[in-house]
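Report on the structure given below.
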Amino acid sequence: MEGIRESLKLAKRVVVKVGTSTLTYDNGKVNFSRIDKLVRVISDLMNQEKEIILVTSGAIGVGVGKLKLSGKPKSIREKQAVAAVGQSELMQIYSRFFADYSHIAGQILLTRDVVENEAGRKNVINTFETLIEMGIIPIVNENDSVAIDEIESGKHRVFGDNDTLSAIVAKLVNADLLIILSDIDGFYDSDPKRNPNSKLISVIEEINDEVEKCAGGAGTSRGTGGMVTKLQAAKITMNAGIDLIIINGQHPELIMDVLEGTDVGTLFKAPHAI
């Protein structure tokens, strides 16, 4: 399978998606050490003249920590208020770490109506392109303080989770590759948390019924995404001719391995990119 990953070395425009479970500890507090590692890797790649777009979750999770709440609030209005606080804090954290490595971050908050609207979509693409031209890393999140698709589970009309959002962003910016940082090593033939004999699948070239059956339910209690949403993201990218790879977010340095063609994680190989 090594040969099939050779093309990943040529990927120039890369979308990296990071979830709440990667950004926080099990107790919900911010994992600064891991964010630092992630930012260092991304900064290194930008120094190699790669074009990186970061799609990040974590606004509500960071907001809960900032406000010292015992857990996620229950009502939509409380979640949106916590997201407003958390998004501001999250960007401060990213900006601070990127500044340490001499890079500047810019925030893009998206809602589904922007993606659906032709004029809005064009404006968003122009913003992405301009930030990239200026050497600024775009940091993208769903605007949780006004959009309820993600925080109100079950309503996934355009993007109700950041796995799907990252795939749509990859398509918008015509990326070469989408890297999703997960809480496990990749896509397994069954849930590795329940079945110790489950096997990691290295490459998937077609999402068929068998692959669909392998997908478990929701992910961790701190995030909204599971393998089902990652499959949905893979369908979007593969149809757009964009490769997608899932790796373990506990080790952000694996991003470097991916771009060196190393056999890590699970690669969803787009048919047009073979």
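The values are calculated or read from the model by the stated rules, or taken from the named source; none is laboratory data. Keep in mind it's a predicted model, so treat the numbers as computed, not measured. Positions of Cβ are backbone-derived with ideal geometry, glycine not excepted, and every protein chain shown enters the neighbour counts. Quick note on the areas: whole protein, heavy atoms, side chains included, nothing else; ligands and nucleic acids left out. Shrake-Rupley method; radii C 1.70, N 1.55, O 1.52, S 1.80 Å.
Based on what the data block shows, is Glu210 modelled with pLDDT under 95 and either in a strand (DSSP E or B) or out of contact with any helix residue (DSSP H, G or I) (no Cβ under 9 Å at 6 or more places or on another chain) (or both)? Yes; evaluated as a whole, the condition is true for this residue. Considering (1) on the phi < 0 side of the Ramachandran plot; (2) touching a strand residue (DSSP E or B) at 6+ places or on another chain (Cβ under 8 Å), the lone condition that Gly58 does not fulfil carries the number (1). The C-beta contact set for region 257-274 (first residue within 15 Å of Ala240 (Cα to Cα) and modelled with pLDDT under 95, second residue surrounded by fewer than 21 Cβ atoms within 10 Å (Cβ to Cβ) and of a type in the set (Ser, Thr, Tyr), distance under 7 angstrom, 6+ apart or interchain) comprises Ala273/Ser7.
Against the condition outside any loop (DSSP other than H, G, I, E, B), within 29 Å of Lys235 (Cα to Cα), open to solvent by 50 Å² or more (accessible area, probe 1.4 Å) and at pLDDT 95 or above, how does Glu129 come out, does it pass? The answer is yes for Glu129. Condition first: modelled with pLDDT of 90 or more, surrounded by fewer than 18 Cβ atoms within 10 Å (Cβ to Cβ), in contact with a Leu (Cβ under 9 Å, 6 or more places away or on another chain) and part of a loop (DSSP other than H, G, I, E, B). Can you find one or more residues in region 232-250 that meet it? Checked against the condition, which is being modelled with pLDDT of 90 or more, surrounded by fewer than 18 Cβ atoms within 10 Å (Cβ to Cβ), in contact with a Leu (Cβ under 9 Å, 6 or more places away or on another chain) and part of a loop (DSSP other than H, G, I, E, B), region 232-250 yields at least one hit.
So that you can scan it fast, the table gives a plain yes or no per residue for (1) among the acidic types (Asp, Glu); (2) under 24 Å from Tyr25 (Cβ atoms):
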| site | (1), (2) |
| --- | --- |
| Asn162 | no, yes |
| Ala175 | no, no |
| Ile179 | no, yes |
| Ser182 | no, yes |
| Lys193 | no, yes |
| Ser198 | no, no |
| Asp209 | yes, no |
| Cys214 | no, no |
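Among residues of region 32-61 being more than 16 Å from the chain's Cα centre (by Cα) and either at pLDDT below 95 or of a type in the set (S, T, N, Q) (or both), the one that is farthest from Asp257 (Cα to Cα) is Ser33. Of the strands (runs of 3 or more DSSP E) that lie entirely inside region 1-111, not one contains 3 or more residues that are in contact (Cβ under 8 Å) with a residue 60 or more places away in the chain and surrounded by fewer than 19 Cβ atoms within 10 Å (Cβ to Cβ).
A search for C-beta distances below 9 Å between a residue of region 223-250 that is at positive phi and any residue that is at pLDDT below 95 and in a loop (DSSP other than H, G, I, E, B), counting only pairs 6+ apart in sequence or on different chains, returns Gly241/Ala270. Given the condition open to solvent by 10 Å² or more (accessible area, probe 1.4 Å), over 26 Å from Leu45 (Cα atoms), modelled with pLDDT under 95 and among the β-branched types (Val, Ile, Thr), answer yes or no: does some residue in region 179-201 qualify? Yes; the residues of region 179-201 include at least one that is open to solvent by 10 Å² or more (accessible area, probe 1.4 Å), over 26 Å from Leu45 (Cα atoms), modelled with pLDDT under 95 and among the β-branched types (Val, Ile, Thr).
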